[in-house]
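Beneath this line is the structure, given in structure tokens, with notes to follow.
Rule-based calculations on the coordinates, nothing more; no lab input. Quick caveat: nothing in here was measured; it's all calculated off a predicted structure. Methodologically, a virtual Cβ is constructed for each residue, glycine included, from the backbone with ideal geometry; neighbour enumeration extends over all protein chains shown.
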Amino acid sequence: MSRSNWKGPFLDKFLVSQKKQKNLTKIWSRRSVISSQMLGKTVLVHNGKDFKRILITREKLGFKYGEFAFTRQTKKIAKKK
């Protein structure tokens, strides 16, 4: 279920309260929506274990930070000869 339109996009208080945003900002709030203020910046999004580096482009605006920092790893199974 998506968020109601009358509420507007969710932004964590940490992201709203930042006056001067550095180029590398650590973000723990994966549920926050990517705003246009972050366009062109590189952020570090926490995936539960470590931080993943993400470059914010125009195509990523409106999506959530968590959609680009995957929490599960894909494992390749080696075939026996």
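For this structure, a couple of remarks:
- The chain, relative contact order [Cα under 8 Å, separation at least 6], %: 25 percent
- Here the sum of -39500 (n - 2.57) over DSSP H runs of 4 or more residues, divided by the residues of the chain, equals -1000 deg cm²/dmol at 222 nm, to the nearest 500.
- Within the shell defined by Cβ-Cβ distances under 10 Å, the residues around Leu39 carry a net charge of +3, with Lys and Arg each +1 and Asp and Glu each -1.
- Cross-link pairs beyond the 26 Å C-alpha cut-off, checked among Lys41/Lys76; Lys52/Lys75; Lys52/Lys79: Lys41/Lys76; Lys52/Lys79
- For segment 64-81, the Karplus equation 6.51 cos²θ - 1.76 cosθ + 1.60, evaluated at θ = phi - 60°, returns couplings of 9, 4, x, 6, 10, 10, 5, 9, 10, 9, 8, 10, 9, 9, 7, 7, 7, 8 Hz by residue, with Gly and Pro reported as x.
- Within-12-Å neighbourhood charge of Lys52 [Cβ basis; K, R +1; D, E -1]: +2
- For segment 20-67, the square roots of the Cα gyration tensor eigenvalues, ordered a ≥ b ≥ c, give a/c of at least 1.5 with a/b no greater than b/c, which places it in the oblate category.
- The charge dipole of the chain, taken about the Cα centre with unit charges on the Cβ atoms of Lys, Arg (+1) and Asp, Glu (-1), comes to about 540 debye, rounded to the nearest 20.
- Length available on full extension from Leu39 to Glu59: 0.36 nm per residue minus the Cα-Cα distance, which gives 6.2 nm.
- Database remark: amide H of Ile27 closer than 5 angstrom to the amide H of Leu44, Val45, His46 (H placed geometrically; neighbours at sequence offset of 5 or more, or on other chains; Pro and chain starts carry no H).
- Long-range tail of P(r) for the chain (Cα pairs > 21 Å, %): 34 percent
- Burial order of peptide ranges 26-34, 68-76 (average beta-carbon count within 10 Å, highest first): 26-34, 68-76
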